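Take a look at the structure below.
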Amino acid sequence: MPPKTDLVVVGAGPAGLATAIGARLAGMSVTVLERSLGPALDKACGEGLMPDAVARLRDLGVSLSDRGQALCGIRYWDGALTAAAAFPGLPGLGLRRTVLQSALVERAREVGVEIRWSTAVTGLRDDGVALEHGTFPASIVVGADGLHSRIRTWAGLSSSKRSRLPLRFGVRRHYAVAPWSEDVEVHFGPSSEAYVTPVGPAEVGVALLWSGRKARFDGLLAGFPALEERLAAVPRTTRDRGAGPLLQEVAGVQRGRVALVGDAAGYLDAITGEGIAVALHQSAALVVALASGRPETYTAALRRIGRLPLVMTRLVLGLDRRPALRRRAIAALAAEPGVFSRLLGIHARSVPARQLGALSALRLLARVGVA
Ligand SMILES: Cc1cc2nc3c(=O)[nH]c(=O)nc-3n(C[C@H](O)[C@H](O)[C@H](O)COP(=O)(O)OP(=O)(O)OC[C@H]3O[C@@H](n4cnc5c(N)ncnc54)[C@H](O)[C@@H]3O)c2cc1C
């Protein structure tokens, strides 16, 4: 049996590796156990890193120079109706998941994190985790094992609540084409949303999100005729990859010596494209809680981190379900690009929420017709 490590992290996605790097920098011994074969893990993702995610990765020493494509802001489309705004301050980054993973693994190794690939965790034990062959002893177990976390279930942290809303899913594909915009484009269609993210000088990713039953990429893309036409003759660079159901409710995020981070700690929806940013903020809070010897403080910290994303995600999901209101909201944002930009800054945590200003908020609501 290997010697007992301070922290065993289950899952080498962005949440797990960021936690591992942060914990190692705080002086803990850390091993990451990942069931997949190797570092270049791919995933169904829109691949837009919000500016605060980029800043957090830089704080951890993850090298992103010359990688990906700078993202200046967000542009909404609903048919011919459009509204755009720039991120105030630093830009975001469109980055293939495989590239992000390699950069995180590189940094983790540099700071002395041990990563074991092809190592599936099969259960929780009093002294660590169970593997297919044997056990791995650790003082603390971090469940960073994604949307359908088993650590969450084994620790009794899954919620038994069932939502009455239809299930939501996502699927993504890449195309070999030079980006036609410096923004992430969000297209609202009749029954789904399309996200177009530049991820390199000659590649864009398209992620589609929808409610209801499982569906296929091509069928969903047909709901966006202009986008479909633009991409019709463009070669694909990846096979489709899907994920869902997206909503995962939790009963808690920490119990005893087990803590959850990233999608494992609960997930609402990908509609605001900030899952990685949230995971990185959570991992920073978890490291602080563990380093102070008070893991129980993590729950309150995570609630604070999640408050704003929860409001934003519920708001955009609500608009998605009400097309007439959504169109009025997009028209209002188009008429108020400064307010739209401040909202993006609040979303990316570079602008305090109070800077939206009561007057601006009222003006925007009046344009939408709800004030
Ligand atoms: C369609 C779609 C679009 C999205 N777009 C964006 C976007 O544009 N921007 C953004 O920031 N976020 C986006 N997200 C969200 C983002 O992808 C997630 O929030 C992010 O991947 C969470 O990272 P994670 O490390 O928690 O989980 P994951 O990346 O899922 O990593 C979990 C890891 O755990 C491993 N694992 C699981 N079980 C075990 C086990 N038993 N033993 C060992 N290893 C195990 C898995 O193999 C995996 O590598 C999107 C999500 C979807 C579905």
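The values are calculated or read from the model by the stated rules, or taken from the named source; none is laboratory data. For clarity, every value in this text was computed on a predicted model and none was experimentally measured. When we count neighbours, we look across all protein chains shown, and the Cβ atoms used for this are built from the backbone with ideal geometry, even at glycine.
Restricting the stretch 94-131 to residues that are within 10 Å of the ligand (Cβ to nearest atom) and polar (S, T, N, Q) leaves a set whose member that is farthest from residue 257 (Cα to Cα) is 101. For beta carbons closer than 6 Å, sequence separation of 6+ or different chains, a first residue in the stretch 11-30 that is buried (at least 24 other Cβ atoms within 10 Å of the Cβ) and a second that is among the polar types (S, T, N, Q), the qualifying pairs are 15/283; 18/283; 19/283; 22/283.
Just wondering, is there one or more residues in the stretch 114-135 that are within 22 Å of residue 49 (Cα to Cα) and modelled with pLDDT of 95 or more? Looking for residues that are within 22 Å of residue 49 (Cα to Cα) and modelled with pLDDT of 95 or more, one finds none in the stretch 114-135, hence no.
Contact map, the stretch 261-272: residues that are farther than 21 Å from residue 315 by Cα and part of a loop (DSSP other than H, G, I, E, B) paired with residues that are near the ligand (Cβ under 9 Å from one of its atoms) and among the aliphatic types (A, V, I, L, M), Cβ distance under 8 Å, separation 6+ or inter-chain. Pairs shown: 261/15; 261/144; 261/279.
The residues of the stretch 148-189 that are of a type in the set (Phe, Trp, Tyr), touching a residue at least 60 places away in the same chain (Cβ under 8 Å) and either part of a loop (DSSP other than H, G, I, E, B) or over 30 Å from residue 251 (Cβ atoms) (or both), listed by number, are 175, 188. None of 298, 267 is within 16 Å of the ligand (Cβ to nearest atom), surrounded by 15 or more Cβ atoms within 10 Å (Cβ to Cβ), at pLDDT 95 or above and of a type in the set (Phe, Trp, Tyr) except 298. Screening residue 289 against (1) of a type outside the set (S, T, N, Q); (2) part of a helix (DSSP H, G or I); (3) surrounded by fewer than 16 Cβ atoms within 10 Å (Cβ to Cβ) leaves a single unmet condition, (3). Being of a type in the set (Phe, Trp, Tyr) and within 11 Å of the ligand (Cβ to nearest atom) is the filter here; which residues of the stretch 185-216 pass it? Residues satisfying the conditions are 195, 210. In summary, residue 113 fulfils each of the numbered conditions (1) over 17 Å from residue 30 (Cα atoms); (2) touching a residue at least 12 places away in the same chain (Cβ under 8 Å) with the single exception of condition (1). Listed by first and then second residue, the pairs linking a residue in the stretch 52-70 that is on the phi > 0 side of the Ramachandran plot to a residue that is among the basic types (Lys, Arg), with Cβ atoms under 7 Å apart and 6 or more places separating them unless they lie on different chains, are 61/107. Here are some residues: 155, 138, 130. Which one is hydrophobic (A, V, I, L, M, F, W, C), surrounded by fewer than 19 Cβ atoms within 10 Å (Cβ to Cβ) and more than 21 Å from residue 278 (Cα to Cα)? Selected residue: 130, the only one of 155, 138, 130 that is hydrophobic (A, V, I, L, M, F, W, C), surrounded by fewer than 19 Cβ atoms within 10 Å (Cβ to Cβ) and more than 21 Å from residue 278 (Cα to Cα).
Find the residue count for the stretch 242-264, including only residues that are within 14 Å of the chain's Cα centre (by Cα) and more than 13 Å from the ligand (Cβ to nearest atom).
0
Of the residues in the stretch 190-204, how many are of a type in the set (S, T, N, Q) and not in a strand (DSSP E or B)? Final tally of qualifying residues: 1.
Do you know which of the residues in the stretch 132-150 that are among the small types (Gly, Ala, Ser) and in contact with a Lys or Arg (Cβ under 8 Å, 6 or more places away or on another chain) is nearest to the ligand (Cβ to nearest atom)?
It comes out as 143.
Out of the residues in the stretch 158-175 that are out of contact with any helix residue (DSSP H, G or I) (no Cβ under 8 Å at 6 or more places or on another chain) and of a type in the set (A, V, I, L, M), which is farthest from residue 127 (Cα to Cα)? Once the filter is applied, the top-ranked residue is 165.
Scanning the stretch 239-253 for residues that are of a type outside the set (A, V, I, L, M, F, W, C) and touching a strand residue (DSSP E or B) at 6+ places or on another chain (Cβ under 7 Å), we see that the one that is nearest to residue 128 (Cα to Cα) is 248. Here is a list of conditions, (1) away from the ligand (no atom under 13 Å from the Cβ); (2) part of a helix (DSSP H, G or I); (3) among the aliphatic types (A, V, I, L, M), and residue 85 meets all of them except one; can you say which number that is? Condition not satisfied by residue 85: (2). Counting residues in the stretch 178-189 that are surrounded by fewer than 14 Cβ atoms within 10 Å (Cβ to Cβ) and over 30 Å from residue 52 (Cβ atoms) gives zero.
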